[in-house]
Amino acid sequence: MRSETARPMFAYPALFEAEPEGGFTVTFPEAGIAATYGATWEAALAQAEDMLEEAVLGMIAHGEDVPWPAPVPKADRLRPAVCLPALTAAKLEAYRAMREAGLNKEQLAERLGWQPVQVTRLFDGRHAVRLDQIEAVLRALGRQLVVTTEAA
């Protein structure tokens, strides 16, 4: 578990393995997330980004713990960091806050004065979610959403 002063990170180290027939297989070994493949480096990276997001959203949908990212190795071309999209990272923070508070989706809905289906949709990757909805969830859990940027 991270310390309360640590900045949450949403960059997971991926492992790119060159295949003899060409292309790359990509896994997230520390997170235990399945493998994907791309015929080129760029295609493999795009597949990895998509797979990471789908895996995290799937864990949330099934009420599972989402692993924290392992430290990203420095200057290792075959272990680049793959980041979650910002909206998915915000959903993940709200989900973790809900679980840390010992609440389920129904209890969170009650606290917010929402219908349970609204909370379910908030964590679903197929429904549009606005940041103000995530901010409301975090506020109800004693948290706030903070947005920062860093050099790419």
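List of remarks:
- Residues in the range 108-118 that are exposed (fewer than 14 other Cβ atoms within 10 Å of the Cβ) and of a type in the set (Gly, Ala, Ser): Gly113 alone.
- In the range 67-89, residue most open to solvent (accessible area, probe 1.4 Å) [restricted to those that are aliphatic (A, V, I, L, M) and either modelled with pLDDT of 95 or more or part of a helix (DSSP H, G or I) (or both)]: Ala86
- Residue satisfying condition, being surrounded by fewer than 17 Cβ atoms within 10 Å (Cβ to Cβ) and farther than 20 Å from Ala61 by Cβ, within set Arg121, Arg139: Arg139
- Boolean, Ala101 is more than 12 Å from the chain's Cα centre (by Cα), surrounded by 13 or more Cβ atoms within 10 Å (Cβ to Cβ) and closer than 13 Å to Ala11 by Cβ: no
- Count of the range 10-47 residues, restricted to those that are closer than 16 Å to Pro85 by Cβ, outside any helix (DSSP H, G or I) and open to solvent by 50 Å² or more (accessible area, probe 1.4 Å), is 0.
- Tyr95 touching a residue at least 40 places away in the same chain (Cβ under 8 Å) and open to solvent by less than 20 Å² (accessible area, probe 1.4 Å): no
- Candidates Gly63, Gly142, Gly113 - the one that is out of contact with any Lys or Arg (no Cβ under 7 Å at 6 or more places or on another chain), at pLDDT below 95 and not hydrophobic (A, V, I, L, M, F, W, C): Gly63
- Scanning the range 48-62 for residues that are open to solvent by 40 Å² or more (accessible area, probe 1.4 Å) and not acidic (Asp, Glu) yields Ala61, His62.
- Residues located in the range 121-132, provided they are over 16 Å from Glu106 (Cα atoms) and free of Cβ contacts under 8 Å to residues at least 60 places away in the same chain: Arg126, His127, Ala128, Val129, Arg130, Leu131, Asp132
The values are calculated or read from the model by the stated rules, or taken from the named source; none is laboratory data. It should be emphasised that the depicted structure is a prediction, and the values quoted were computed from it without experimental measurement. Glycine gets a Cβ as well: all are built from the backbone with ideal geometry, and neighbour counts include every protein chain shown. For accessibility, only protein heavy atoms count, side chains too; no ligands or nucleic acids. Shrake-Rupley method; radii C 1.70, N 1.55, O 1.52, S 1.80 Å.
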